[in-house]
1. Would you pick out the residues in segment 248-280 that are under 17 Å from Val147 (Cα atoms), without any contact (Cβ under 8 Å) to a residue 40 or more places away in the chain and touching a strand residue (DSSP E or B) at 6+ places or on another chain (Cβ under 6 Å)?
2. If a residue has to be over 19 Å from Pro14 (Cα atoms) and not assigned by TED's automatic domain parsing to the domain that holds Ala333 to count, how many in segment 225-263 make the cut?
3. Any chance you could count how many residues in segment 206-222 are surrounded by 24 or more Cβ atoms within 10 Å (Cβ to Cβ), more than 16 Å from Asp248 (Cα to Cα) and of a type outside the set (Gly, Ala, Ser)?
4. Would you say Ala45 is closer than 20 Å to Phe212 by Cα, touching a residue at least 24 places away in the same chain (Cβ under 8 Å) and in contact with a helix residue (DSSP H, G or I) (Cβ under 6 Å, 6 or more places away or on another chain)?
5. With at negative phi, basic (Lys, Arg) and touching a helix residue (DSSP H, G or I) at 6+ places or on another chain (Cβ under 7 Å) as the only criterion, which of Arg19, Arg103, Arg73 stands out?
6. So which residues in segment 114-149 are crowded, with 23+ Cβ neighbours inside 10 Å and assigned to a helix (DSSP H, G or I)?
7. For Gly243, work out the one condition from (1) within 16 Å of the chain's Cα centre (by Cα); (2) part of a loop (DSSP other than H, G, I, E, B) it doesn't fulfil.
8. Mind checking whether some residue in segment 89-98 is in contact with a Gly (Cβ under 8 Å, 6 or more places away or on another chain) and over 17 Å from Gln164 (Cβ atoms)?
Amino acid sequence: MVPIDFRSDTVAMPSPEMRKAMVEAPLGDDVFGDDPTTNRLMEVAAERMGKEAATFVPSGTMGNLIGIAVNARRGEELIADADSHAFYYETAGAAAVCGVQIRPVATEAGVMSPRQVAEAVRPRDDPHQPISAAVTFENTHNRHGGVAWPLEALRAASDAAHAQGLRVHLDGARIFNAAVALGVPAAEIAAGADTVTFCLSKGLACPVGSIFCGSAEDVEEAKRWRKRLGGGMRQVGVLAAAGLIALDQMVDRLAEDHANARTLAEGLSELPGVRCDLSRVQTNLVYFDVETMPAPGFLDECAKRGVISEPTGPHTVRFVTHYGIDAEDIQTALKVCEEVLTA
């Protein structure tokens, strides 16, 4: 039996159309800039984000690291949410590789207010403190349940950052989930950011890759950082071909993942010993607490019955819906969870 895999949307398999496109893609050498499939993907990606240029990178983590490197210099500081991916899940790359310190800011639901941005900026006339150079926002926000920033809040925070002389990097790993949830083009979400990264390998179901977007000058610097980090790949059009299919065919279908996540969350909230904040289930991430047993034990029992995920805390579980999980799988998973909880 193939398990129902809720670990992440990164486990989604590429569609048949993607696999066919990957086989048939015209290729060149992307480091030399002559891979036609990659070049076409970069044109489409930049247009989707409303930016001048784009470049393909192997992962969202590399894209964010490049975003930090492009927007801040060694010895400077980046302001970030205390639960952000850049601060929590990227192995201190900002410090280790870029020499940039991250200043964490605790936020409500991952949404940083203009006041919080302004108050996190260091006084420039104090030689004891680092220079505040940039801020990063995460949309949707993973550890806050996949919430999509209200567009007005994101604009206000970006405007506040720019007013303070900060550059803005948007970690848009799941920006298309945010766009679908809000009913706006992704470019509207990215409009206030100087640079933005988004993942092809999450909800869009590509096998590999992310995109870094910004001004032509920023992207040229990003390419130098990509090379420095070992991310310059050659006939990467075999991957870019899947990205073109994803941007054409997989964005609108994210609404299915959101609907499945909502059904899953509502069903879980009715089970004994489960607490789930439905207000934060806006996209494809469902966080819930199992109050009657440890999360690892709960998931061990679920795995025996064909439903797999991983704990995010002693009693907290994250289920992620994605391409390959349908409405029937959701009902099966709810039955499994109920069986485990009532056994």
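The values are calculated or read from the model by the stated rules, or taken from the named source; none is laboratory data. Small disclaimer: the values here were computed from a predicted structure and weren't measured. Neighbour counts are summed over all protein chains in view; Cβ atoms, including those assigned to glycine, are modelled from backbone coordinates with ideal geometry.
1. Ala265, Cys276
2. 10
3. 2
4. For Ala45, the condition - closer than 20 Å to Phe212 by Cα, touching a residue at least 24 places away in the same chain (Cβ under 8 Å) and in contact with a helix residue (DSSP H, G or I) (Cβ under 6 Å, 6 or more places away or on another chain) - is not met.
5. Within the list Arg19, Arg103, Arg73, the selection yields Arg103.
6. Selection gives Val117 alone.
7. (2)
8. Checked segment 89-98: no residue is in contact with a Gly (Cβ under 8 Å, 6 or more places away or on another chain) and over 17 Å from Gln164 (Cβ atoms).
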